[in-house]
Amino acid sequence: MSVHDRVSGLVELTRPVNAVVAGVLTFIGAFVAVGGDVTTTAGGLTAPAVRTAAAAVTTVLAAGGGNVINDYFDRDIDRINAPDRPIPRGAVSPRGALVFSVVLFGVAAAFALVLPPLAIGIAVFNLVALWVYTEWFKGTPGFGNLLVAYLGGSTFLFGGAAVGNPAASATLFALAALSTVSREIIKDVEDIEGDREEGLRTLPLAIGERRALVLATGALVVAVLASPIPFLRETLGVAYLVAVAPADALMLYAAYESFSDPTASQNHLKYGMFVAAAAFIVGRVAVLLG
């Protein structure tokens, strides 16, 4: 195995696109919380801009480290579900993956030191929760899904806390958590054969695939019904409603599709979540320009 293959394998373990997206979501949480103060000024970077940048980088590194440690603990399952992943195919050794994850977490912690105490607290809690999830609760029916949903939604909360206003991003946190728990359940249905082989007890294995998908659909419907809350609270205007409508439609379609094609469903749901995140930016920019 060449050095290039090993480095490529390490980068692949981080799922770089997903890690960068997590950083973007943290930025959105901060942007919604303070608006234009996140940007630079003629005299240089503002304090919120520095904290937003540090929070986004922290999120990218921590998310990458989390993906690496997840693959480390999932290496036996991945031999069945995803044999082309770097560890099963031999591009990265389990020990190498573990060391790499520790390095990423360490650098993330260094960037987090410039943030307010609440943001640091969220970062520390998330790192502990991520480790606990991958080590003990990944195959726990329901609880593992809820923990991942919290971690996904907390990127927005972390961004708001980084600029001293976590309450402003609380709605984004709730909507993202609901969407994420739905996607995680659908993904468990997709991975049911490998999970059964490994003796895990995920939600679909505990209550049945159809009941699990009904729960996932219910969470999505609640998220869609709650999506107008920022408009009703007059936090965001009509532009947000127009922008979020396609996201709502795509997520509802993904819920319907999950009963026949879980793989396509969870991919469409991911795209719907990205569109929803973009809707918050559109809504906030419209308010600032208005």
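The values are calculated or read from the model by the stated rules, or taken from the named source; none is laboratory data. Remember, predicted model here, so these are calculated numbers, not experimental data. Cβ sites come from the backbone with ideal geometry, for glycine too, and all protein chains shown count toward neighbours.
Does Val238 fit the bill of being hydrophobic (A, V, I, L, M, F, W, C), more than 24 Å from Pro83 (Cβ to Cβ) and surrounded by 15 or more Cβ atoms within 10 Å (Cβ to Cβ)?
No; evaluated as a whole, the condition is false for this residue.
Only one residue in Asp71, Asp76, Asp84 is acidic (Asp, Glu) and crowded, with 18+ Cβ neighbours inside 10 Å. Which one?
Sole residue among the options that is acidic (Asp, Glu) and crowded, with 18+ Cβ neighbours inside 10 Å: Asp71.
Answer yes or no as to whether Ala245 is surrounded by 22 or more Cβ atoms within 10 Å (Cβ to Cβ) and either of a type outside the set (Phe, Trp, Tyr) or within 19 Å of the chain's Cα centre (by Cα) (or both).
The answer is no for Ala245.
From the list Gly121, Gly159, Gly164, Gly152, pick out the single residue that is surrounded by fewer than 17 Cβ atoms within 10 Å (Cβ to Cβ) and either at pLDDT 85 or above or not in a helix (DSSP H, G or I) (or both).
Checking each option against the conditions leaves just Gly121.
Could you identify the single residue in Leu104, Leu113, Leu98 that is at pLDDT 95 or above and of a type in the set (A, V, I, L, M, F, W, C)?
Criteria check complete, one pass: Leu104.
With the condition kept exactly as written, say whether any residue in the range 269-287 is of a type in the set (Phe, Trp, Tyr), touching a residue at least 60 places away in the same chain (Cβ under 8 Å), crowded, with 23+ Cβ neighbours inside 10 Å and in a helix (DSSP H, G or I).
Yes, the conditions are met somewhere in the range 269-287.
Considering only residues that are in contact (Cβ under 8 Å) with a residue 40 or more places away in the chain and surrounded by 17 or more Cβ atoms within 10 Å (Cβ to Cβ), look in the range 255-268 and name the one that is farthest from Ala239 (Cα to Cα).
Applying the filter and picking the extreme gives Pro262.
Cβ-Cβ below 8 Å, separation at least six or inter-chain, first residue in the range 144-158 and farther than 14 Å from Leu178 by Cβ and of a type outside the set (S, T, N, Q), second modelled with pLDDT of 95 or more and not in a helix (DSSP H, G or I): which pairs?
Short answer, once both residue conditions are applied: none.
Has the range 82-98 got any residue that is in contact (Cβ under 8 Å) with a residue 12 or more places away in the chain, among the β-branched types (Val, Ile, Thr), over 26 Å from Phe173 (Cα atoms) and in a helix (DSSP H, G or I)?
Looking for residues that are in contact (Cβ under 8 Å) with a residue 12 or more places away in the chain, among the β-branched types (Val, Ile, Thr), over 26 Å from Phe173 (Cα atoms) and in a helix (DSSP H, G or I), one finds at least one in the range 82-98, hence yes.
Name the single residue, out of those in the range 97-118 being of a type in the set (A, V, I, L, M, F, W, C) and in contact with a Lys or Arg (Cβ under 9 Å, 6 or more places away or on another chain), that is surrounded by the fewest Cβ atoms within 10 Å (Cβ to Cβ).
Val114
Please go through the range 113-138 and give me each residue that is touching a helix residue (DSSP H, G or I) at 6+ places or on another chain (Cβ under 7 Å) and among the small types (Gly, Ala, Ser), ordered by number.
Result: Ala119, Ala123, Ala129.
Within the range 32-73, track down each residue that is at pLDDT below 90, under 21 Å from Ala278 (Cα atoms) and part of a helix (DSSP H, G or I).
If the condition is that a residue be at pLDDT below 90, under 21 Å from Ala278 (Cα atoms) and part of a helix (DSSP H, G or I), then Val32, Ala33, Val34, Gly35, Gly36, Asp37, Val38, Pro48, Ala49 are the ones that fit.
Would you confirm whether any residue within the range 208-215 is closer than 17 Å to Ser265 by Cβ, at pLDDT 90 or above, among the charged types (D, E, K, R) and crowded, with 22+ Cβ neighbours inside 10 Å?
No, the conditions are met nowhere in the range 208-215.
Just the residues that are part of a loop (DSSP other than H, G, I, E, B) and hydroxyl-bearing (Ser, Thr, Tyr), please, taken from the range 198-235.
Thr202, Ser227, Thr235
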